[in-house]
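Written below as structure tokens is the structure these notes are about.
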Amino acid sequence: MQYLDILTGALGAFALAWIADQLTGRRGLFATSLVAGIGALCGWFLTVRVIGIASLDDWRWIPWSMAGSVICLVAFFLFRSKR
């Protein structure tokens, strides 16, 4: 149970990717999962390593991670090439 927060963050990022994929018309779950995962890692890095607000021992980094995931998903769908 010590890695429950990491599992929660990963499942949250995947859930956001799945929701974004459903809302945009099923362009590819792998691409949105990759973007959401990278965004979640960026949000974690900013919270834990750069700003120092939280540590991996508490749950405060998860909302920051989800916010990073949402920001990256918005940028992905805003700047992707449309054929």
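Taking the stretch 48-66 on its own, how many of its residues are part of a helix (DSSP H, G or I), out of contact with any Leu (no Cβ under 9 Å at 6 or more places or on another chain), open to solvent by 50 Å² or more (accessible area, probe 1.4 Å) and under 18 Å from Gly37 (Cα atoms)? Summing the residues that are part of a helix (DSSP H, G or I), out of contact with any Leu (no Cβ under 9 Å at 6 or more places or on another chain), open to solvent by 50 Å² or more (accessible area, probe 1.4 Å) and under 18 Å from Gly37 (Cα atoms) in the stretch 48-66 gives 2.
Applying the condition of being open to solvent by less than 90 Å² (accessible area, probe 1.4 Å) and outside any helix (DSSP H, G or I) to the stretch 23-47 and asking which residue is modelled with the lowest pLDDT yields Gly25. When the stretch 1-22 is filtered for residues that are of a type in the set (D, E, K, R) and either more than 16 Å from Ser65 (Cβ to Cβ) or not in a helix (DSSP H, G or I) (or both), only Asp21 remains. Being under 26 Å from Tyr3 (Cα atoms) and open to solvent by 40 Å² or more (accessible area, probe 1.4 Å) is not true of Leu78. Across the stretch 2-19, the qualifying residues are those that are of a type in the set (Gly, Ala, Ser) and crowded, with 17+ Cβ neighbours inside 10 Å, and the one among them that is farthest from Ser33 (Cα to Cα) is Gly9.
The values are calculated or read from the model by the stated rules, or taken from the named source; none is laboratory data. This one's a predicted model, so the numbers in the text were calculated from it and none came from an experiment. For neighbour counting, all protein chains shown are included, and Cβ atoms are generated from backbone atoms with ideal geometry for every residue, glycine included. Heavy atoms of the whole protein, side chains included, go into the accessibility calculation; ligands, DNA and RNA do not. Shrake-Rupley method; radii C 1.70, N 1.55, O 1.52, S 1.80 Å.
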